[in-house]
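Student: I have a structure here, written as structure tokens, and I will follow up with some questions on it.
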Amino acid sequence: MPNPFALSGIDFLKKQQGLSGRSILAGILDLGVAAVPDLPGLIQSYGLTGDSFVPVTPSDPLGHGTPCSGILIGNGSCSKGQFQGIAPQAKLISVQLPAVQRGEQMIFEGSSDLVAKAIRFFIQQKDAHHDANGQPLPLRLIAISIGKKFEDNGEPYQPPEHNPINLAVQAAWHAGIFVVCAAGNYGPRSGTILSSPANDPLVLTVGATDGSQDTREQSILHKESSRGPTREGHPKPDLLAPGGGLTTTKAPGSILDRKGQLVREFMRLSPQDLLERLTANPRAFFPLFEFTGNSQLASPDLYERAKKLLPAERPIGEHYTTFGATSGACMVAGGGILLLLELANRLTLEISPDQMKSILVRTCDKLKMERDSAQGAGHINFRRAYFELLKLKR
């Protein structure tokens, strides 16, 4: 599979321009981030205690925020740099939304107001951190790879001008903090931007390609990537980034890690081995799949049916996993933005979220086989964005 960092122009920023995210602070909103060796840049985690977000011990029971963070700032120490993230010298703070475990799922059952409160907490943290030398380390970007689905938990639908999540990300944006979010994985139909803040006109909403093609223009949209327009008719996503071919750090012992171990076990079995395992224990591969009854077990396509139910993520050794869809694409875009923010620092250039978004959108490459409502401006191209940013200094 093609290198997603080369395809998006990130390798140009890192290998040819020497950018690494130095002196840039990002925030991630998820269900948690684990303290793993590849994430020394995680400087603080916050969780909800009572009515306030306070410092907590890093944790990631689901195993989603950790691979997202690895794409952003992982240093690749457990792979001798092979699986390094995009901005390994950037720093990160994590705000962990509370979730309830139900079986092999972690479910966020909070309100839109609680998500908005977490985002506004990031705004409060904008000037609260310093680097090892005591120099200010302002928060420059919030990456949001999860979303609050419309009308979830019985909440009535609210358009972006009234939804508290949208109002919170807009406040962050106007405070000078860039916000990048995942489009969601509700595709492939059109009109499947079904969560906030992905539907917000201001923020950068990122859809995913499947990472299977060698050029940006020939890229194929990830089948799960949500398509626009929004309910209000806004063109979303704004652009696409690779959501396939990504390898990143994992959270050992998390729900997604346990599922990954089951996938690895499954892939070692022959069809006959699988039949014998399921005959002895129909729940041997639960929660990946469960077949019950003699008729299902006797099906000649049992193995292929089971294979189609496997998640896309695969463990890579002790410390890593494959990862993707729009969560991965969001972090690819976010990581590249961290590098561009470092470049702006080098140039002593003040750049607003509006300016950054404009550069990213107008330097994309259009996909040849996709509608604008599915791809937005096209595939992100950080090489072109680099030269466009340089023009602001002239």
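Each value in this text was obtained by applying a stated rule to the coordinates, not by laboratory testing. Given the structure is predicted, the values throughout are model-derived calculations rather than measurements. Cβ placement follows ideal geometry from the backbone for every residue including glycine, while neighbour counts extend to all protein chains displayed.
Student: Round to the nearest 0.05 the FRET efficiency obtained for Val361 and Leu302 when R0 = 41 Å and r is the Cβ-Cβ distance.
Tutor: 0.30
Student: Can you compute the modelled spin-label distance between Lys368 and Val56, with each label point 7 Å from Cα toward Cβ, in nm?
Tutor: Between Lys368 and Val56, the label points sit 4.9 nm apart.
Student: Right, here's the next one. Working from Cα positions, state the angle (0 to 90°, nearest 10) between the long axis of helix 382-391 and the longest principal axis of the chain.
Tutor: Computed tilt is about 10 degrees.
Student: While we're looking at this one, here's another question. Taking the mean number of other Cβ atoms within 10 Å as a proxy for protection, how do you rank 244-253, 316-325 from highest to lowest? Before the final figure, lay out each step's value.
Tutor: Working: 244-253: 23.1, 316-325: 21.1.
Listed from highest to lowest mean packing, they are 244-253, 316-325.
Student: Based on the mean of other Cβ atoms within 10 Å per residue, sort peptides 355-367, 22-34, 154-166, 230-242 so the most packed one is first. Each step should come with its number before you reach the end.
Tutor: Details: 355-367: 18.6, 22-34: 25.0, 154-166: 15.2, 230-242: 22.2.
The packing order, highest mean first, is 22-34, 230-242, 355-367, 154-166.
Student: Round to the nearest 10 and give me the degree value, 0 to 90, for the angle of helix 353-362's Cα axis relative to the longest principal axis of the chain.
Tutor: Compared with the principal axis, the helix lies near 60 degrees.
Student: Quick check: the angle from helix 255-267's long axis to the longest principal axis of the chain, C-alpha only, nearest 10 degrees?
Tutor: Rounded to the nearest ten degrees, it is 50.
Student: Based on the mean of other Cβ atoms within 10 Å per residue, sort peptides 307-313, 40-46, 88-94 so the most packed one is first. Provide the component values of the computation, followed by the final result.
Tutor: Numbers: 307-313: 14.9, 40-46: 19.0, 88-94: 23.9.
Descending packing order for the listed peptides: 88-94, 40-46, 307-313.
Student: Can you give me the long-range amide H partners of Val179? Hydrogens built in the peptide plane at 1.01 Å from N, cutoff under 5 Å, separation of 5 or more residues or another chain.
Tutor: Correct list: Ile142, Leu204.
Student: If you don't mind, there's one more thing I want to ask. In terms of Cα to Cα distance under 22 Å, which lysines are near enough to Lys357, apart from those fewer than 8 places away along the same chain?
Tutor: Lys14, Lys91, Lys126, Lys236, Lys366, Lys391, Lys393
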